[in-house]
1. Name every residue in the stretch 9-39 that is more than 27 Å from Gly100 (Cβ to Cβ) and assigned to a loop (DSSP other than H, G, I, E, B), in order of residue number.
2. Among the residues of the stretch 35-49, is there at least one that is of a type in the set (Lys, Arg) and open to solvent by less than 20 Å² (accessible area, probe 1.4 Å)?
3. Return the residues of the stretch 86-105 that are of a type in the set (Asp, Glu) and open to solvent by less than 40 Å² (accessible area, probe 1.4 Å); say none if nothing qualifies.
4. In this structure, is Ser116 at pLDDT below 95 and open to solvent by 80 Å² or more (accessible area, probe 1.4 Å)?
5. Among the numbered criteria (1) free of Cβ contacts under 8 Å to residues at least 24 places away in the same chain; (2) farther than 13 Å from Met82 by Cβ, which single criterion is violated by Leu31?
6. Got at least one residue in the stretch 83-90 being assigned to a strand (DSSP E or B) and hydroxyl-bearing (Ser, Thr, Tyr)?
7. Return the pairs, sorted by first residue and then second, in which the second residue is β-branched (Val, Ile, Thr), the first residue lies in the stretch 56-70 and is within 14 Å of Arg38 (Cβ to Cβ), the beta carbons are less than 7 Å apart, and the residues are 6+ apart or on different chains.
Amino acid sequence: QVQLVESGGGLVQPGGSLRVSCVASGIIARLYRMGWYRQAPGKQRELVASINSGGWTNYADSVKGRFTISGDVSENTVYLQMNSLKPEDTAVYYCNARDGVMPDYWGQGTQVTVSS
């Protein structure tokens, strides 16, 4: 049974920081393309950041320089460090695991709210 369990979301003021975590079970996360997506009310889901099995990372232009994705092999966990948060970062953030063949796995989502 595959599970992606997220934590760390919450309320933060503009300019603040937050780190969300995704603990994977049932898969070896380092063998997948792990990603963080977000979906704001009335908007489409978008890929925010990803990290592949070689440790290479990719970021949406809107978050580049502010967000950092990383992984801890021993904990089978992926993190998203979010700095200099803006109100437009407010969204539900979802953890994703993709191998390119089988359907993606998804976490339950964690709410990040950046208040003005």
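1. Selection gives Gly9, Gln13, Pro14, Gly15, Gly16, Ser17.
2. Scanning the stretch 35-49 turns up at least one residue that is of a type in the set (Lys, Arg) and open to solvent by less than 20 Å² (accessible area, probe 1.4 Å).
3. Result: Asp89, single match.
4. yes
5. (1)
6. So far as the stretch 83-90 goes, no, none of its residues is assigned to a strand (DSSP E or B) and hydroxyl-bearing (Ser, Thr, Tyr).
7. Between residues of the stretch 56-70 that are within 14 Å of Arg38 (Cβ to Cβ) and residues that are β-branched (Val, Ile, Thr), the close pairs are Ala60/Val48; Val63/Val48; Phe67/Val48; Ile69/Ile51; Ile69/Thr57; Ile69/Val78.
For (1) closer than 15 Å to Ser17 by Cβ; (2) not small (Gly, Ala, Ser), each residue gets a yes or a no:
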residue	(1), (2)
Ser53	no, no
Ile69	yes, yes
Asp72	no, yes
Ala91	no, no
Cys95	no, yes
Gly100	no, no
Gly109	no, no
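The values are calculated or read from the model by the stated rules, or taken from the named source; none is laboratory data. Because the structure is a prediction, the values reported are computed rather than measured. FYI the Cβ positions are ideal-geometry reconstructions off the backbone, even for glycines, and counts take in every protein chain you see. Only protein heavy atoms, including side chains, enter the accessible area calculation; ligands, DNA and RNA are left aside. Shrake-Rupley method; radii C 1.70, N 1.55, O 1.52, S 1.80 Å.
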